[in-house]
Amino acid sequence: MLMSSGPCICLQELECSLFNSLLTMYMSKYRPKVVLETKSNKQAMRTMGPAKVELPSPDNYLKKRSKEPKLPDRNELSTKVSRTCSDRKPPVPEKTAPPLMGIVTKRNFIKTVTTEPMKPQPASVNSIKGDKQLLENSGLVPKYSKKKHFGKLPKYLQKRIEDEQKALEEYNNFLKEQREQTAMTHVSIEKRKSVLKGLRRTWDQLHREYQALPLILDTMSQKARKEHLESKMMLLENDISLIERFKNIYLPN
């Protein structure tokens, strides 16, 4: 038992020594310097915001009309204006001081004193509040009706009328020339009546001949005679209706 217990104790001691050696790991001498560098280079508040935020005090709450712009006081404005207007005018010359030489004006003081004061221009009141407007430009004064050319035709209308008259005269002259070239003669009323009488007379004669034809037409000559009479009567009827329709008839020479 004693012999066997000896080597077991040695193994336990070896395990303890190895465990202690693992606990005491190698530590570099530059470790603290590296830790400081990493801390210094690290960006603070990178993702989660500042570590400590100052909370607003309950006394500084939002009050009514606190965000509206405030005008400065009148006293402050007066002091600012007085400070800005620092340039002063030159003092009034003394009574005993000599006058300035070389100053000449074109203004006639005697004329300005003796002339009458300018009269105010007449105006018309438009509203209850007293808004005024010059009477000349208000449209109430009939100044346009007093002009020389009032009620007269303007020049452009006179020119247009003259152009129309010239065009009408040229057209009439053209018609006269055309009539002279064609040389149409007017048929009188008596001649028209005599022509109508002659046409009707011939139509009556043809009508009698047409009625004298037999009822049954056997031969070719009888049929041709009938057709010839019908065509002549048709032409005469057309001529009679044409002359009766138009009272004024012109014939070319």
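Charging the Cβ of each Asp and Glu at -1 and of each Lys and Arg at +1, and nothing else, the dipole of segment 148-208 about its Cα centre rounds to 380 debye.
Within segment 137-238, what whole-number % of the accessible surface is contributed by carbon and sulfur, with the 1.4 Å probe and all protein chains included in the calculation? Ligands and nucleic acids excluded, carbon and sulfur reach 56 percent. When the C-alpha to C-alpha distance is required to be over 22 Å, the pairs from Lys197/Lys232; Lys197/Lys247; Lys191/Lys247; Lys146/Lys166; Lys193/Lys247 that qualify are Lys146/Lys166. In loop segments of segment 144-253 as defined by DSSP, the chymotrypsin sites (Phe, Trp or Tyr not before Pro) with at most 15 further C-beta atoms inside 10 Å of their C-beta are Tyr144, Phe150, Phe246.
Using a 1.4 angstrom probe, figure out how much accessible area segment 104-216 has per residue, in square angstrom, rounded to the nearest whole. All intermediate terms of the calculation are to be shown ahead of the outcome.
Working: 11180 Å² over 113 residues.
Using a 1.4 Å probe on heavy atoms only, each residue of segment 104-216 averages 99 Å².
Expressed as a fraction of 2.2 N^0.38 Å, the value expected for a compact globular protein of N residues, the C-alpha radius of gyration of segment 148-253 is 2.13.
The values are calculated or read from the model by the stated rules, or taken from the named source; none is laboratory data. Predicted model, so just to flag it, every value in this text is computed and none were measured. Please note: Cβ atoms are built from the backbone with ideal geometry, for glycine as well, and neighbour counts cover all protein chains shown. In case anyone asks, the SASA skips ligands and DNA or RNA and just uses the protein heavy atoms, side chains included. Shrake-Rupley method; radii C 1.70, N 1.55, O 1.52, S 1.80 Å.
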